[in-house]
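Trainee: Got a structure for you, written out below as structure tokens; questions coming shortly.
The values are calculated or read from the model by the stated rules, or taken from the named source; none is laboratory data. All values derive from a computational prediction rather than experimental measurement. Glycine gets a Cβ as well: all are built from the backbone with ideal geometry, and neighbour counts include every protein chain shown.
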Amino acid sequence: MYLLSEARGLSRDLLGGKGFGLVEMAQAGLPVPPALIITTEACRRFLREGAVPGLWEEVRAKLAALEGLVGKRFGKGEGSTPPLLVSVRSGAPVSMPGMMDTILNLGLSSEGVESLARATGNPRFAWDAFRRLLSMYGEVVLGERAEVFEGMLSALKEKRGVQSDTELSPEDLEALSFQYLRHLQERGTPFPMDPWLQLQGAIEAVFRSWLNPRAKTYRRIYGIPEDLGTAVVVQAMVYGNLGEDSGTGVGFTRNPATGEKGLYGEYLRNAQGEDVVAGIRTPEPLSRLKEYAPELYREIERVAHLLERHFRDMQDFEFTVERGRLYLLQTRSGKRTAQAAVRIAVEMAEEGLISKEEAVLRVEANALPGLLKPTVDREKAPKPILRGLPASPGAAFGHAVFSNEAAERYTAQGLPTILVRPETTPEDITGMYLSKGILTARGGLTSHAAVVARGLGVPAVVGAEALRVVPEEGRAWVDGLEIQEGELLTLDGSTGEVYLGAVPLAEAAEEELLHKLLSWAEPHRSLGVRANADTPLDAQRARAFGAEGIGLCRTEHMFFQEERLPWVRRLILARTPEEEAEALERLFVFQKEDFKGILKAMDGLPVTVRLLDPPLHEFLPSLEELKVQAEAGDEEAKALWERAKALAEQNPMLGFRGIRLLLLRPGIFRMQLRALLEAAKELREEGFDPRPEVMVPLVADPKEVERAKALAEELFREYGPIPFGTMIETPRAALLASEIAPLVDFFSFGTNDLTQMAFGLSRDDAGKFLPQYVEEGLFPFDPTERLDEKGVGRLLRLAVQEGKRANPRLKVGLCGEHGGEARSVAFVADLLDYTSASPFRVLTARLAAAQAGL
Ligand code: PEP
Ligand code: MG
């Protein structure tokens, strides 16, 4: 247990965040009311053993010292000197809502109240302080519900016909205090008039609040250790409610929304801190002080400046003004938006307050994609009608459409659209591409809608379970609310919220600051960063964000474009080698142009093309649709229907796809690879520098790779070789890495499928229950979003180690969605040669990889 002056140099772990901040402030010469801090160690002991030997003696001794410092006696007024009252607060080493917060005015009794009234000449203030103590103490120490006290207060206000507490007379507040006292007495939990007993009760209540169910849940969700314990801060009271020259406020040393430099905050005249929090009265902007109390304002500015200098970060501080004198009660690093985080980090480095390296470390890499996009201006937004998973950042509004055809119709008229689907399939690509936003009722963060949206940079909210979509009718429902085609919707893919109507958007952050920050980060990065991109536009965008090549170019989206689908379908239906050859020849022409465009956009940089991955039936209309057309007499539909039935699988994700399909229908393999090689050849002839690489998906056995390699080599003999690799996305491939590695130039870990198969968890459906799983603490996080280091990470590490041992020249990369998630990137930063992320997340990957190197 320490007085502020005795606790210099002690750790935050011991003093708790609040206590630590007070000690630091006192040390920096800032005006802080004297306080004593009971350490987290005492709390741990109390919880373990039920008591702390010598605790109360020590509290008494320190309290006596505190009395000396302020020149008042605890709970006892003397003549014109009011009694010393204290606040008692909890303060864990990490900020933790859910625990007991604050009891103010502790030490007051029916006797003390009289002397407080006399000494201040303000009976109203004294009785108000007492009734506040009674209700706070009644609630947090004696266990009565807050509503009971509020009920009595409201009843009194009603009786007097007044709106606000401040309109009650001293006599009213006195009567109310006695009503509270009587109530607690009758309830069998009398309020202790002895200040000392009050203090003991409050300290023990703080200790015990560590075990509140809410606090426990919070710790579980955020992975905070159970055994930290909380410190207790006992601090001499100062009063913001002594008149118009008193008040209480909250300040930020820089604007927490924009990061702009300068004092920002709110102030409430003639009030105690809890009035601000309780929202009873609306505070005024701090800047108003400039008009009626300019000196005070300057003093707060000076203090804000000192706080930043001392803590070297933007601070969020609480203060009280007692009869014109400023006191600081708390300070901590302020929460801020991503935009503010970037501005503050860069500007503080430029001001010389922190180093460039510190600036790089201070920005949360996962927040970067959201920075480049507008967001919903929450201050001006109505209540959202729906919530889903924030799948692709940015906000957009547009007219609800339920099909590709409707998206085209609206777009042709120059109208923005939001594509609303139960879930998306590759067939929806046109609508997804044209729309400003995508909304689905089903699917998780690696569902088709989410992956494609991030790739396209289109904001998306997926898995909004309360949404029912009937595309055939062009309608959707949220509870009772019907959404028809054309209805205006706004969605925010950074928060997962959906609004009715066109909601005002806030502009994106200035990119200049971001690029400056990244330029400081770059020298610390050794992990390569590529992009997942399958159109020239995506490739360009990714390159602009600093991608050093393409780590995954999926080829299936190319098969879905309108003019190609008939040929894909002919390929599926082909009965003779000639029919197949004709279809492939047509597709070759398209595919070659696709590759040329992408290779050109990434000129001079590697482009890893993945050969066809999905099962063939994904390219056919649904069985129901075909059935209807076939029964209506459409001959082609009939043939397709028969074929679709033959191709249908119970479990297509584990079916006839990937390498299996490529080996048994080698015509597709040859066509794709030849298109890639031919595209590169033509570009070289045009003076470009294409760097194609090819890889095969879903391998589970070295034999498959061997066969694929043999097929590839047939073409390499004709065109010259290019790097040949395999994805590692089945657990078996990871386990057999030493046998596969000698056959290839590189591994690319497909962590989407690897996670799906390692967990036995469908990446398309798990969104239905995974959030709850995480909430209940069954999983520490969603493994489809962040790489599971324990299991999937172990497979990865093993495959890298054994693969490299078997083939020292083996290159290793990652191209699942985890490749753009900061903590996953940090995990692989020393393990792999490169990571590959969707274009907008290239920035995240770059920053996270640099942070890992610092
Ligand atoms: C993967 O499985 O991680 C991968 C990149 O492939 P896809 O997402 O296309 O299945
Ligand atoms: Mg895959």
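Trainee: Looking at segment 419-478 only, could you name the residues that are surrounded by fewer than 20 Cβ atoms within 10 Å (Cβ to Cβ), assigned to a helix (DSSP H, G or I) and in contact with a Phe, Trp or Tyr (Cβ under 6 Å, 6 or more places away or on another chain)?
Mentor: P426, P471
Trainee: Search segment 226-260 for residues being among the polar types (S, T, N, Q) and touching an Asp or Glu at 6+ places or on another chain (Cβ under 6 Å), and hand back the single one that is nearest to V86 (Cα to Cα).
Mentor: Result: S246.
Trainee: Scanning segment 731-763 for residues that are within 13 Å of ligand 1 (Cβ to nearest atom) and polar (S, T, N, Q), which turns out farthest from V812 (Cα to Cα)?
Mentor: Checked segment 731-763; the qualifying residue farthest from V812 (Cα to Cα) is S762.
Trainee: Does L814 meet the test of being within 16 Å of ligand 2 (Cβ to nearest atom), touching a Phe, Trp or Tyr at 6+ places or on another chain (Cβ under 9 Å) and closer than 19 Å to V529 by Cβ?
Mentor: In short, yes.
Condition check ((1) without any contact (Cβ under 8 Å) to a residue 60 or more places away in the chain; (2) crowded, with 18+ Cβ neighbours inside 10 Å; (3) within 16 Å of ligand 1 (Cβ to nearest atom)) across all residues:
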residue	(1), (2), (3)
K592	no, yes, no
K596	no, yes, no
L599	no, yes, no
T608	no, yes, yes
L611	no, yes, yes
E631	yes, no, no
D634	yes, no, no
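Trainee: Mind telling me which of the residues E704, E718 ends up being more than 20 Å from M558 (Cβ to Cβ), within 16 Å of ligand 2 (Cβ to nearest atom) and assigned to a helix (DSSP H, G or I)?
Mentor: E704
Trainee: With respect to K811, is the statement that it is within 35 Å of the chain's Cα centre (by Cα), surrounded by fewer than 16 Cβ atoms within 10 Å (Cβ to Cβ) and away from ligand 1 (no atom under 12 Å from the Cβ) true?
Mentor: Details: within 35 Å of the chain's Cα centre (by Cα): yes; surrounded by fewer than 16 Cβ atoms within 10 Å (Cβ to Cβ): no; away from ligand 1 (no atom under 12 Å from the Cβ): yes.
No.
Trainee: Next question, about the same structure. Of the conditions (1) assigned to a helix (DSSP H, G or I); (2) under 30 Å from Y499 (Cα atoms), K380 satisfies every one except a single condition; which number is it?
Mentor: Going through (1) assigned to a helix (DSSP H, G or I); (2) under 30 Å from Y499 (Cα atoms) one by one, K380 breaks only (1).
Trainee: When segment 67-114 is examined, which residues are found to be of a type in the set (D, E, K, R) and over 28 Å from R214 (Cβ atoms)?
Mentor: Matches in segment 67-114: E67, K72, R73, K76, E78, E111, E114.
Trainee: Let me ask something else about it. Within segment 219-230, count every residue that is crowded, with 18+ Cβ neighbours inside 10 Å and either hydrophobic (A, V, I, L, M, F, W, C) or within 21 Å of the chain's Cα centre (by Cα) (or both).
Mentor: 2
Trainee: Kindly indicate which of L676, L626, L620, L663 is in the same structural domain as G816 (by TED's automatic domain parsing), out of contact with any strand residue (DSSP E or B) (no Cβ under 6 Å at 6 or more places or on another chain) and either crowded, with 21+ Cβ neighbours inside 10 Å or modelled with pLDDT of 95 or more (or both).
Mentor: Working: L676 fails: out of contact with any strand residue (DSSP E or B) (no Cβ under 6 Å at 6 or more places or on another chain); L626 fails: in the same structural domain as G816 (by TED's automatic domain parsing); L620 fails: in the same structural domain as G816 (by TED's automatic domain parsing).
Among L676, L626, L620, L663, only L663 is in the same structural domain as G816 (by TED's automatic domain parsing), out of contact with any strand residue (DSSP E or B) (no Cβ under 6 Å at 6 or more places or on another chain) and either crowded, with 21+ Cβ neighbours inside 10 Å or modelled with pLDDT of 95 or more (or both).
Trainee: What do you reckon, is L142 closer than 30 Å to Y222 by Cα and modelled with pLDDT of 90 or more?
Mentor: So L142 fits the description; yes.
Trainee: If you go through segment 698-711, how many residues are buried (at least 21 other Cβ atoms within 10 Å of the Cβ) and in contact with a Leu (Cβ under 7 Å, 6 or more places away or on another chain)?
Mentor: Matching residues across segment 698-711 total 3.
Trainee: Sticking with this structure for a sec: If Q650 satisfies all but one of (1) touching a strand residue (DSSP E or B) at 6+ places or on another chain (Cβ under 9 Å); (2) without any contact (Cβ under 8 Å) to a residue 12 or more places away in the chain, what's the number of the condition it fails?
Mentor: Q650 satisfies every listed condition except (1).
Trainee: Those residues that are under 24 Å from Q672 (Cα atoms), within 44 Å of the chain's Cα centre (by Cα) and not in a loop (DSSP other than H, G, I, E, B), I need them from segment 610-658; list them, please.
Mentor: R610, L616, H617, E618, F619, A644, L647, P652, M653, L654, G658
Trainee: Could you look through segment 682-701, keep only residues that are away from ligand 1 (no atom under 16 Å from the Cβ) and in a loop (DSSP other than H, G, I, E, B), and pick out the one that is nearest to I722 (Cα to Cα)?
Mentor: Looking at the filtered set, the residue picked out is P690.
Trainee: Any residue that is touching a Phe, Trp or Tyr at 6+ places or on another chain (Cβ under 9 Å) and surrounded by fewer than 19 Cβ atoms within 10 Å (Cβ to Cβ) - is there at least one of those in segment 110-125? So that I can check it myself, show each step before the final result.
Mentor: Kept after step one, since they are touching a Phe, Trp or Tyr at 6+ places or on another chain (Cβ under 9 Å), are these residues of segment 110-125: 110, 112-113, 116-117, 120, 125.
Narrowing further to those that are surrounded by fewer than 19 Cβ atoms within 10 Å (Cβ to Cβ): 110.
Yes, there is a match, as at least one residue in segment 110-125 is touching a Phe, Trp or Tyr at 6+ places or on another chain (Cβ under 9 Å) and surrounded by fewer than 19 Cβ atoms within 10 Å (Cβ to Cβ).
Trainee: While we're here: Name the single residue that is nearest to L654 (Cα to Cα) among those in segment 766-784 being surrounded by 15 or more Cβ atoms within 10 Å (Cβ to Cβ) and either within 16 Å of ligand 2 (Cβ to nearest atom) or of a type in the set (G, A, S) (or both).
Mentor: Once the filter is applied, the top-ranked residue is A766.
Trainee: For segment 72-94, which residues satisfy the criterion of being among the charged types (D, E, K, R) and not in a loop (DSSP other than H, G, I, E, B)?
Mentor: R73, K76, E78, R89
Trainee: Let me ask another. One residue is enough: does segment 225-239 have a residue meeting the conditions part of a helix (DSSP H, G or I) and in contact (Cβ under 8 Å) with a residue 24 or more places away in the chain?
Mentor: To start, the set of residues in segment 225-239 that are part of a helix (DSSP H, G or I) comprises none.
No, there is no match, as no residue in segment 225-239 is part of a helix (DSSP H, G or I) and in contact (Cβ under 8 Å) with a residue 24 or more places away in the chain.
Trainee: Looking at segment 64-75 only, could you name the residues that are in contact with a strand residue (DSSP E or B) (Cβ under 8 Å, 6 or more places away or on another chain) and not acidic (D, E)?
Mentor: Within segment 64-75, A65, L66, L69, V70, G71, K72, R73, F74, G75 meet the criteria.
Trainee: Within segment 230-267, track down each residue that is closer than 23 Å to P93 by Cβ and at pLDDT below 90.
Mentor: If the condition is that a residue be closer than 23 Å to P93 by Cβ and at pLDDT below 90, then V250, P256 are the ones that fit.
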